[in-house]
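Below is one structure, written out as C-alpha cells; comments come after it.
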Amino acid sequence: MCYKQNSVLTYKNPACLTCFDIICTDVGINESYEDHGLTVYPNPTNDIFNIQTKNLSIFKNALVKITDLSGRILLEKQIIKQINIKDLKPGIYFIQLYSREKLIAIEKIIKE
C-alpha cells in the first residue's frame, strides 16, 4: 500500500515495487477497493474519532484494524461508530475496514 498527500509520497509498503497514486503494484494479486465512503473525523484527533460510511449495513459485519506505518496491528475490534485511540502514541495510523474478512477501505488518521 502506498499513500500520497499533496502529491508527495508519505508512505510506501516495502513489499511494493512501485506506487501509482495510492495503488500498490507488486508481484502478488492487486486488489481494488469499491468506494464505501469511509470517513474518519475529527482528523487529526487526540483520542476519540468517529467512523462514517455511505453504506450503513457495513456496520453489521465489519471489523476495524488500526495499524502503524509498518503495518503492525495495534487495535482490532468489531466496528463501532466511535473508537478511542488515547493509548496510542502521536503519529500517523491507518484505519482498515474489513467486511467478511475482505479489506474494503483504508483511511489515514493522525493522532496528536
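Return yes when ILE92 is closer than 16 Å to ASN46 by Cβ, in contact (Cβ under 8 Å) with a residue 60 or more places away in the chain, among the β-branched types (Val, Ile, Thr) and in the same structural domain as GLY37 (by TED's automatic domain parsing) and no when it is not. If you could, list the steps in order and put the result at the bottom.
Details: closer than 16 Å to ASN46 by Cβ: yes; in contact (Cβ under 8 Å) with a residue 60 or more places away in the chain: yes; among the β-branched types (Val, Ile, Thr): yes; in the same structural domain as GLY37 (by TED's automatic domain parsing): yes.
In short, yes.
Please state which of the following conditions ARG72 fails to meet, knowing it meets all the rest: (1) at pLDDT 90 or above; (2) loosely packed, with under 10 Cβ neighbours inside 10 Å; (3) over 16 Å from LEU103 (Cα atoms).
All conditions are met except number (3).
Kindly evaluate ILE109 against the criterion of being of a type outside the set (S, T, N, Q) and either surrounded by 12 or more Cβ atoms within 10 Å (Cβ to Cβ) or not assigned by TED's automatic domain parsing to the domain that holds LEU38 (or both).
Numbers: of a type outside the set (S, T, N, Q): yes; either surrounded by 12 or more Cβ atoms within 10 Å (Cβ to Cβ) or not assigned by TED's automatic domain parsing to the domain that holds LEU38 (or both): yes.
So ILE109 fits the description; yes.
Take the residues of the range 38-57 that are touching a residue at least 40 places away in the same chain (Cβ under 8 Å) and part of a strand (DSSP E or B): which is nearest to GLN78 (Cα to Cα)?
Applying the first criterion (touching a residue at least 40 places away in the same chain (Cβ under 8 Å)) to the range 38-57 yields 38-40, 43-46, 49, 51, 53.
Filter once more, keeping what is part of a strand (DSSP E or B): 39-40, 45, 49, 51.
Details: THR39: 17, VAL40: 16, THR45: 21, PHE49: 15, ILE51: 12 Å.
By that ranking, first place goes to ILE51.
The values are calculated or read from the model by the stated rules, or taken from the named source; none is laboratory data. Everything numeric here is computed off the predicted structure, so don't read it as measured data. With ideal geometry, Cβ positions are generated from the backbone for all residues, glycine too; neighbour counts draw on all protein chains shown.
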